Amino acid sequence: MLLASDLKTGKIYKEDGEPYKVEKYSHSKVARSGATIKVKSRSLLTGRLIERSYSSTDKFEEADVYNKNTQYLYVDGTNYVFMDPDTYEQFTMSLETLGDQAPYLKEGDVYQLTYFENSPVSVELPLSMEFEVTYTEPGHKGNTVTNVYKDATLDNGMETKVPLFIKIGDRVKIDTRSGEYVSKA
């Protein structure tokens, strides 16, 4: 069993039979009352984000999860096909399950999948990934005081904002948590 004070960022716990991963944790104590734990966590099954407050003495069940390396093969309609590199067993994950992680998957790359009760529930992506810019308007230098961004389309079909100096064919690093430009690759 886990206490609410153990629900640090990145910890996976079980509430109402569903696994949640803590994205943000804050602890506050006011004068003579007990400590309050505020947690922002994401459901590993639905991707839904919840914010809750708990007493420091609340208890939770630890989720039975494990990670395993798998290779992403291809997309088949709305299902994404993965393969276990050890057993060569293939399985699918739906677009619903992957949510906003789906556009970052590259065919042939190896990713860590999180399993809950022996079924895959989410993909652990690197913090940033490299993509090629397939379309963007030419940038024009002007009298700018701050950074100016323009729209760009990446080779995975995503659209993001990039600095004016980025042109078609450049490789850029994108933050997988927010989809924002990080740097030129």
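What follows draws every value from the coordinates through simple rules; no lab data is involved. A quick note: this is a predicted structure, and the numbers were derived from the prediction, not measured. In this analysis, Cβ positions are derived from the backbone assuming ideal geometry, glycine residues included, and neighbour counts consider all displayed protein chains.
Please go through segment 154-167 and pick out each residue that is over 19 Å from L105 (Cα atoms) and surrounded by fewer than 13 Cβ atoms within 10 Å (Cβ to Cβ). F165 - this is the single residue of segment 154-167 that is over 19 Å from L105 (Cα atoms) and surrounded by fewer than 13 Cβ atoms within 10 Å (Cβ to Cβ).
When D151, D170 are checked against the criterion of being surrounded by 15 or more Cβ atoms within 10 Å (Cβ to Cβ) and touching a strand residue (DSSP E or B) at 6+ places or on another chain (Cβ under 9 Å), D170 stands alone in meeting it.
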